[in-house]
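Just so you know, all these numbers are worked out from the coordinates, no wet-lab data involved. Because the structure is predicted, anything quoted here is derived from the model rather than measured. Backbone-built Cβ (ideal geometry, glycine too); neighbour counts: all protein chains shown.
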Amino acid sequence: MKRKWEAKLKQIEEQAACYERNPLPSVYRPRLSKPEEPSPVWNLFPRQAQAFNFVKSCKEDVHVFALEHEVGEGQRIYLVTTYVQFWFYYKSRKNLLHCYEVIPENAVCKLYFDLEFNKLANPGADGRKMVALLIEHVCKALQELYRVHCSAKDVFNLDSSTDAKFSRHLIFQLRGVAFKDNIHVGVYTRNRNFRLYKSSKIGKLVVLEVAEDNKFSVTQSNDISEENQYFLSSLVSNVRFSDTLRILTCDTPTNKRKQPGHFDSTSASVENIEGFQGSPYPEVDQFVLSLVNKNGIKGGIRCWNYFFREQLLVYDICKYRWCGNIGRAHKSNNIMIVADLKNEVWYQKCHDPECRAVNFKSDCFPLPAEVCLSVLLEEEEEFTTDRTMNNETKSPQKPPANTLTNTGFSDPDWGNGIDDTYFLEATEDAEFAEAAESSLLDCDSAGDEIPDELIVEVLQE
């Protein structure tokens, strides 16, 4: 008995010494990722532009979501996080109840529709038949215009109808095919907020669920749940880059007025050098043009496509066909220049069938410092700061516009009195108060951590 007691005492003393050598931190920081992986990102912003600027500075594959809040009567704040991180908290459906995907401007996206009509004003309308007819006609048009074969089985059909209103979301799951951006999809404005699967509108109880007449299904997997797959399928901007991905455009007269210089990517005969519609990053455009204008050859940018997930700008080049794979210019096939804005490098790929067969990708070369996002964001911040200081000098009686602080929300003049009131009221709600006070709004190192309080709120029964 004495030996057992001595052994137990020794074990306790060893554990105590271990704890002394490795004390617990004063504030426990939970991690969903493995120890060797980077900390998760979970940052809130009062303005959409601030959220997208933060995305540009992130190395992680993060996205912007809009959160609608009861206290602010529908006022929205913007969350930046990864799909994995968002789903971890969203799947319990405890607190994140009114959420929207923010579809980035200029980003490659899926074809999607938001359909609704008033049932009382249209008593004879059969919503199901109308949806089926629309899907049939859209699939027929895709086949005729783009040679893309699809059916109702490729359309994720979501329903949030009530007794008063018929409401559906249709998201086309086209394999190896996507549209250039929101404008070419034809239906919506830039940075569109699109309600998430399983979310309801503010003040409403009906959530967006799989429709009874939905024919789309996900593949069974041991690694990812069926519900998670449906969630990922419902995300309009969830499109990954691939050199085999076909980018479709729709040049209606309206689109041509809005986006001059955009051409159907299936037509290789159209070449546009001067006057092409620039990408969101004109500095990168100019750098790419410098790469294809040398040795007496005047190349140009035929078109560009932006992949939000990877922060890639993919340029289709015209009149410059030099390929690193064969060490010379192709006779007819064009090349691509890919600018990886996240990793600040560029490389060349090719449309030539032989090069694509071996999935050729050139070595990566660093982007010049002056076109890197980190530098561009610093310049934008300096410009904003200078402009604010000038405004203060011109109008000293007006308080300066504040930005987010490390301690939460300050008392800013956001430029819209009604909007400010709603936003400040929303932040007082218990769902986000702890998040704000725990510096989730901080873009620095502390801002990437998730406080215990938020996890407890989401997971508690």
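For Thr219 and Arg246, what does the FRET efficiency come to when R0 = 22 Å and r is the distance between their Cβ atoms, rounded to the nearest 0.05?
Approximately 0.50, to the nearest 0.05.
Over what distance in Å are the Cα centres of region 313-345 and region 89-125 separated?
38
Let me make sure I get this right: for region 60-117, a, b and c are the square roots of the gyration tensor eigenvalues over alpha carbons, sorted descending. Under 1.5 in a/c it's rounded, otherwise prolate if a/b > b/c, else oblate. Which is it?
The shape class here is oblate.
Using a/c under 1.5 as the rounded threshold, could you call region 106-150 rounded, prolate or oblate? The axes a ≥ b ≥ c are square roots of the C-alpha gyration tensor eigenvalues, and prolate needs a/b larger than b/c, oblate otherwise.
oblate
Tell me whether region 118-219 comes out rounded, prolate or oblate; compute the Cα gyration tensor, take square roots of the eigenvalues as a ≥ b ≥ c, and use a/c under 1.5 as the rounded threshold.
Numbers: a/c = 1.69, a/b = 1.42, b/c = 1.19.
Prolate is the answer for region 118-219, as a/c is 1.5 or above and a/b outweighs b/c.
Give me the Debye-computed log₁₀ of I(q)/I(0) at q = 0.22, 0.28 Å⁻¹ for region 322-379, equal point scatterers on Cα only, no solvent, two decimals.
One equal scatterer on each Cα of region 322-379 leads to -0.80, -1.07.
In the structure shown, do any of Lys140/Lys198; Lys140/Lys180; Lys153/Lys198; Lys180/Lys349 have a Cα-Cα gap over 24 Å, and if so which? All intermediate terms of the calculation are to be shown ahead of the outcome.
On the way: Lys140/Lys198 30 Å; Lys140/Lys180 20 Å; Lys153/Lys198 21 Å; Lys180/Lys349 19 Å.
Table pairs above 24 Å Cα-Cα are Lys140/Lys198.
If the reach is capped at under 19 angstrom between alpha carbons, list the lysines near Lys201, excluding any in the same chain fewer than eight residues apart.
Qualifying lysines at Cα under 19 Å: Lys91, Lys94, Lys119, Lys165.
Whole-Hz ³J(HN,Hα) for each residue in region 223-228, computed from phi via Karplus 6.51 cos²θ - 1.76 cosθ + 1.60 with θ = phi - 60°, x for glycine and proline: what do you get?
8, 9, 5, 4, 4, 5
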